[in-house]
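For reference, the structure discussed in these notes is given below.
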Amino acid sequence: MSAAVLLAVLPTAWGQSAGVLDPVHGLSAEDLVARALPRNGDLLAARQQVAAARGSLTQAGLRANPSLELSGMQEVAGSDNNFMLGGSLPLELFGRRDRRVEVARGDLRVSEFEAAQHERQLRLDIELKMGEVLAALRNLQFTEELAALNQQAVDLMRARVEKGSAAPLDLNMLRVELSRIEAARADLEGKLGVNLLELKSLAAMKPDEELHVKGTLEPSPFPLTLEAATARALSKRPDLLAVRASETVTAAKLKQARVEGRPDASVNANYQRMDFGFGVNGTLPGGGLRRVQGMFNDVTLGVSLSLPVRNRNQGAIESAVALEEAAHRRREYAELIVGREVAAAFLSYRKAREGLDIYREGVRGQARQNLDVVRKVYELGRTPYTEVIAEQRRYVDVETGYTEALSRYYQASVRLCSAVAADGRDTCRE
């Protein structure tokens, strides 16, 4: 019985009756990932964080606004008045705007890598759950086939008992064994139903939606060496890239803090029109009298400087230095963890493959032969039926163990591909 065998139609735990495995129209793990990517709420939130960071970058690149001041004065019981119009323009010296943009650009990169990490985690969760579904399907099919064989054996045993060529106790033992297998099948149906519901949830499907899957528990062989896999992970893992980008952001924030502790300046320009007089009269050229009054127009240009004498941003600089060192340590630790994860995943994959090969070459075939031999010995009347039942249970254990070995191999392959930041189980390529 191969891992790619088509599975029979089964009644699921919630009452549907459908063929779960459909090699033609079913959805593969990659299809479910493609379906989930535009619908997963956590991933959509992460993408909105990217959009927010993009807006912050746009804002950081904008130049400071000029300011305009308008004022006037009018004498309450007289004609004197004064009008003033002024403006100022911040210069943002020492690259303040560039430092601000550098920080915002770094934050955008962090958000993008974090969104990519959400995608990587979602892909991993879906592929792992698909493996659990395929393993449950294989166990269920095997149990159904075993139940069918035992039902045939019950019918044959009943005929032999009626003819007097078999003991009634053997029939009763066989019926008990069949009931035990039926109970195991019900348990497997429940497990499959739960796994399908969890897979639907990961794929952003409703619980009552029909889901037909396709796939095999035997992924393609992993083509990379441990050294190549580690190098790829260190250069492409989005979680590690996010940590590195965060380290870059802290360095940019330190530069920004130092710049903020340096002087800044604004250019000022003012225009003033003053209509002013005195409470005395002067003599006009023609001999008449007129109040002494004049109109004055003044223009003022200047520069305002902020002098960092008391506050040189010392606290912010000290904090930025500490954060930069923390980010540096965090990045070193993350690289160490990634290397360890790849090595562990590589070892698990290799050992899972070795265990699977042992089952294929030295366990399954022999277990099947043993069961056939014991049945023939029973038919010759040389052993009690309890031996047949015991050998059948050992065979069931072997087949169940083989499913577990297949599942471990599948899971190890998925985790290894995820550890090296591949796009899928079958795309672990350099």
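A short reminder: the numbers here are calculations on the coordinates, not readings from a lab. Note that the structure is a prediction, hence the values are computed from the model and not measured. We place every Cβ from the backbone using ideal geometry, glycine too, and count neighbours over all the protein chains shown.
With a Förster radius of 30 Å applied to the beta-carbon distance between Asp187 and Asp372, the computed FRET efficiency rounds to 0.65. Over the chain, Cα pairs under 8 Å with separation of 6+ residues give a relative contact order of 23 percent. Hey, what angle do you get for helix 168-202 against the long axis of the chain, alpha-carbon based, 0 to 90 degrees rounded to 10? Between the helix axis and the principal axis of the chain, the angle is about 10 degrees.
Listed values for segment 28-40 are Karplus-derived 3J(HN,Hα) couplings in whole Hz (6.51 cos²θ - 1.76 cosθ + 1.60, θ = phi - 60°), namely 7, 4, 5, 5, 5, 5, 4, 6, 7, 4, x, 10, 5, and x replaces Gly and Pro. Relative to the dominant Cα principal axis of the chain, helix 41-60 is inclined by about 20°.
Listed by chain and number, the aspartates and glutamates placed with their C-alpha closer than 19 angstrom to that of Lys163 are Asp155, Glu379; residues fewer than eight positions away on the same chain are left out. At R0 = 56 Å, how high is the FRET efficiency between Glu404 and Glu332 if r is their beta carbon distance? Nearest 0.05 is fine. The computed FRET efficiency comes out at 0.90. Taking the alpha-carbon centroid of each part, what is the distance from segment 54-124 to segment 135-149 in angstrom? Spelled out, the Cα-based centre of one part sits 67 Å from the other. Computed over neighbours whose Cβ is under 12 Å from that of Gly19, the net charge equals -1, Lys and Arg +1, Asp and Glu -1. Rounded to the nearest 20, the size of the Cβ-charge dipole of segment 10-427 about its Cα centre is 900 debye, with Lys and Arg at +1 and Asp and Glu at -1.
On full extension of the chain, what length is gained from Ser71 through Val24, given 0.36 nm per residue of separation minus the C-alpha to C-alpha distance? The Ser71-Val24 span can extend by a further 9.0 nm. The stretch between Arg394 and Leu307, if pulled fully straight at 0.36 nm per residue, gains 22.7 nm over its current Cα-Cα span.
Near Leu27, the amide H atoms lying under 5 Å from its own belong to His212, Val213, Lys214; only residues 5 or more places off or on other chains count, and H is placed 1.01 Å from N. Structure remark: mean-square fluctuation, Gaussian network model of the chain, C-alpha springs under 10 Å; the largest value among Leu406, Leu224, Leu356 belongs to Leu224. Site pair Tyr271 and Ser165 shows an inter-label distance of 12.1 nm when each label is modelled 7 Å from Cα along Cα→Cβ.
For the cross-link pairs Lys129/Lys214; Lys129/Lys236; Lys129/Lys200, the ones whose C-alpha atoms lie over 20 Å apart are Lys129/Lys236. Backbone phi angles across segment 308-325, fed through the Karplus curve with coefficients 6.51, -1.76 and 1.60 (θ = phi - 60°), yield HN-Hα couplings of x, 8, 8, 10, 9, 6, 4, x, 5, 5, 4, 5, 5, 4, 5, 5, 5, 5 Hz in residue order; Gly and Pro are listed as x. Fewest-first ordering of Ser179, Ser413 by other beta carbons within 10 Å of each residue's beta carbon gives Ser179, Ser413. Using R0 = 51 Å, the C-beta based FRET efficiency linking Arg54 and Leu197 works out to 0.90. Kindly identify the chain as rounded, prolate or oblate by the Cα gyration tensor criterion: order the square roots of the eigenvalues as a ≥ b ≥ c, call it rounded if a/c is under 1.5, otherwise compare a/b with b/c, prolate if a/b is larger, else oblate. Prolate, since a/c reaches 1.5 and a/b exceeds b/c.
Relative to the longest principal axis of the chain, what angle (0 to 90°, nearest 10) does the C-alpha long axis of helix 385-419 take? With rounding to tens, the tilt is 20 degrees. Label sites at Glu145 and Thr225, each approximated as a point 7 angstrom past Cα along Cα to Cβ, lie 4.1 nm apart.
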